[in-house]
Amino acid sequence: MKVVALNESPQLVCCKTVSPEDLAVGDFIAITRSLIESPSFLWCCDATLQKREDLVRLWLMPTDIQPPLKVCAVCLPFVLTKSVDRRSRLVDLRKVQIVRVDPKFGRRVRKQYRKLKS
């Protein structure tokens, strides 16, 4: 645990939304929103509101908080990531919004999750 002197203030670290072009191997990312698409005829059954062939798009926030993912490879719009349990996951950036997590925070969270799993 770090001790902070009275005249020192702890540094506030925030996640930053990142564009896909700025991703690099080794970055830690977290998914903040996911896109769900549904045909409009399944949505409201009212032809006066939307055409039958239109898609209804909803941005949803994840209900469970996942630890940061580590970027292993980038081939836009896809990103190969590795989770805490060392499983690979392919993320489609067209369907999610991501943020870059501070590297120190990412490593620390992943380390804590590994301790919990073992």
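Put simply, the amide H of Val101, placed in the peptide plane, has neighbours under 5 Å in Phe28, Ile29, Ala30, leaving out anything fewer than 5 places away on its chain.
In terms of accessible area, using a 1.4 Å probe and ignoring ligands and nucleic acids, Val25, Val13 rank largest first as Val25, Val13.
Taking packing as the residue-averaged number of other Cβ atoms within 10 angstrom, the listed peptides 101-114, 51-64 run from highest to lowest as 101-114, 51-64. Among the protein heavy atoms, those of Ser88 account for about 80 Å² of accessible surface (1.4 Å probe, every chain in place).
Taking only the alpha-carbon atoms of region 13-118, what semi-axes of the equivalent ellipsoid follow from 5 times the gyration tensor eigenvalues under a square root, in whole Å, largest first? Please list the in-between numbers first.
Details: eigenvalues 215, 46, 29 Å².
Largest first, region 13-118 gives 33, 15, 12 Å.
Taking all protein chains as shown and a probe of 1.4 angstrom, Ile31 keeps an accessible surface of around 40 Å². Can you tell me which lysines have their Cα less than 23 Å from the Cα of Lys82? Leave out same-chain residues fewer than eight positions away. Answer for Lys82, where 23 Å is the Cα cut-off: Lys16, Lys70, Lys95, Lys104, Lys111, Lys115, Lys117, listed by chain and number.
The values are calculated or read from the model by the stated rules, or taken from the named source; none is laboratory data. Values in this document were obtained by computation on a predicted structure and should not be read as measured data. Methodologically, a virtual Cβ is constructed for each residue, glycine included, from the backbone with ideal geometry; neighbour enumeration extends over all protein chains shown. To get the accessible areas, we keep the full protein, side chains included, count just its heavy atoms, and leave off ligands, DNA and RNA. Shrake-Rupley method; radii C 1.70, N 1.55, O 1.52, S 1.80 Å.
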